[in-house]
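Below you'll find the structure, written out as structure tokens, and then a few comments.
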Amino acid sequence: MEEINQKIEKGELVEIRVLNDSMEATLVEDLMKKENIHCLIQKYEDLAFDGLFTKDKGFGRVLVFPEDGEKARTILDDYLDNHPEEEDTQ
């Protein structure tokens with residue numbers, strides 16, 4: 001995880017969304033793949049605490065290259081505007 005944080009600090013990756021669960025992670029990965037945007041799902045999973053902090057931090061976050069950030073956010077926003085039931089689970 002430290003390597004990912006270093007890439008974010010250097011501006012090599014940007015966070016576009018915090019995820020609530022694994023279903024949302026799969027949905028985002030599929031949407032990004034369809035648009036040829038490489039993404040990384042960084043889970044906030046801590047096996048020692050068995051998901052205890054997931055409600056506070058979320059399931060994980062979506063990271064993309066800076067040049068894809070705006071397009072990726074737009075894709076997610078457009079999807080959620082047309083599928084509001086997906087956002088209701090957040």
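Condition first: at pLDDT 90 or above and part of a helix (DSSP H, G or I). Now tell me which residues in region 36-76 satisfy that.
Pro66, Glu67, Asp68, Gly69, Glu70, Lys71, Ala72, Arg73, Thr74, Ile75, Leu76
Could you list, in sequence order, the residues of region 4-32 that are among the small types (Gly, Ala, Ser) and out of contact with any Leu (no Cβ under 7 Å at 6 or more places or on another chain)?
Gly11, Ser22
Considering region 1-28 alone, what residues qualify as being among the charged types (D, E, K, R) and either at pLDDT 95 or above or assigned to a strand (DSSP E or B) (or both)?
Our first condition is that a residue be among the charged types (D, E, K, R); within region 1-28, this holds for 2-3, 7, 9-10, 12, 15, 17, 21, 24.
Within region 1-28, Glu15, Arg17 qualify.
Can you pull out every residue in region 24-48 that is among the hydrophobic types (A, V, I, L, M, F, W, C), out of contact with any helix residue (DSSP H, G or I) (no Cβ under 9 Å at 6 or more places or on another chain) and in contact (Cβ under 8 Å) with a residue 12 or more places away in the chain? Spell out the reasoning first.
Taking region 24-48 as the starting set, the residues that turn out to be among the hydrophobic types (A, V, I, L, M, F, W, C) are 25, 27-28, 31-32, 37, 39-41, 47-48.
This time we only want the ones that are out of contact with any helix residue (DSSP H, G or I) (no Cβ under 9 Å at 6 or more places or on another chain), so: 25, 47-48.
Ala25 - this is the single residue of region 24-48 that is among the hydrophobic types (A, V, I, L, M, F, W, C), out of contact with any helix residue (DSSP H, G or I) (no Cβ under 9 Å at 6 or more places or on another chain) and in contact (Cβ under 8 Å) with a residue 12 or more places away in the chain.
Somewhere in region 6-19, is a residue more than 15 Å from Lys71 (Cα to Cα) and under 10 Å from the mean Cα position of the chain (by Cα)?
yes
The values are calculated or read from the model by the stated rules, or taken from the named source; none is laboratory data. The shown structure was predicted, so the numbers you read here are calculated from the model rather than taken from an experiment. All Cβ positions, glycine included, derive from the backbone under ideal geometry; neighbour counts span all protein chains shown.
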